[in-house]
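Peer 1: Before we start, here is the structure in question, set down as C-alpha cells.
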Amino acid sequence: MIPLSGILKNDKRKFCFYSLYSWGVPGIISIITVALHASPLVPSVTTLGFGEISCWFRGDIELLAYFYGFVSFLFAANLVLLLHTIWMLHQAGGSLQCCVRQHLLDTSFNRHHVQAFCQRFSLFLVMALCWITEVLSWKIPPKEIWIPTDILNSLQGFMVFVIVIASKKKRNMMKKAWNKTVDSAVRKMSSSDSSGVT
C-alpha cells in the first residue's frame, strides 16, 4: 500500500492551524500595535503618530515598521505555505504514478490535488500582485500611475470569492449550505406564523 496518510490525514488539524495563522497573526500584530501606540512608556520614535501630521502614519519609518514590514512578513509566510503545497503536490504526484501503474487509485485523486494547487496558486498570485504593487506605490511616484493597482487591490475580496467559487465542488457546497439556511429560515417563519394564528 502507498503511504499517502501523511498527505491526506488530519485535514481538521490543518484547518485549525491555518485558521490560527490567518486570524492569530493579524490579531497579535493589532494588539502589539495598539499597546505600543497607547503606552506612555514607549519612546515617540516607535509610536504610530496617527493624527499628528495626517490621519495615517507619521512618516516612512512608521509605515515600514507598522505596515509594510508586516505585509512583507505575511507575504513571506504565505510564500512558505505555497511552497509547502507545491511539495505536497509533488509527493502526491510521485505516489500517484506508482498507483496508476498498479491500477489501485482513480485519477480523481490526482485531479483533486491539481485543482487544490491551482486554487491556492491563484490566491497567492492575487495576494502577491496586490501586496507588491502596494509596496512599490509607496516609494515610486507619481501616485496617479498606481490608480489601476489600487482599484485591483480594492477588488481583492471579490477576486478571492471568484477564485473560490470557480471550483464546482465549492459551488455545490455553498449551494447546499444556502439551501439549508433558506429551508431553516422558511421553517422558522412558518412555525412562527402558525403559532401567531392560534
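Since every read-out is calculated from the coordinates, none of them should be taken as a lab result. Given the structure is predicted, the values throughout are model-derived calculations rather than measurements. A quick note on method: Cβ atoms are made from the backbone with ideal geometry, for glycine too, and the neighbour counts reach across all protein chains shown.
Peer 1: Identify all residues within the range 44-84 that are touching a residue at least 24 places away in the same chain (Cβ under 8 Å), among the small types (G, A, S) and either within 19 Å of I31 (Cα to Cα) or assigned to a loop (DSSP other than H, G, I, E, B) (or both); write none if there are none.
Peer 2: S72
Peer 1: Under 7 Å between Cβ atoms, at least 6 apart or on separate chains: pull out the pairs that start in the range 151-166 with a residue that is touching a residue at least 24 places away in the same chain (Cβ under 8 Å) and closer than 12 Å to S122 by Cβ and end on any residue that is surrounded by 13 or more Cβ atoms within 10 Å (Cβ to Cβ) and hydroxyl-bearing (S, T, Y).
Peer 2: Correct list of pairs: I163/S122.
Peer 1: Let me ask you something else. Scan the range 122-143 and report the pairs whose first residue is without any contact (Cβ under 8 Å) to a residue 60 or more places away in the chain and loosely packed, with under 14 Cβ neighbours inside 10 Å and whose second residue is in a helix (DSSP H, G or I) and hydroxyl-bearing (S, T, Y), with Cβ atoms within less than 8 Å and a gap of 6+ or a chain change.
Peer 2: K143/S137
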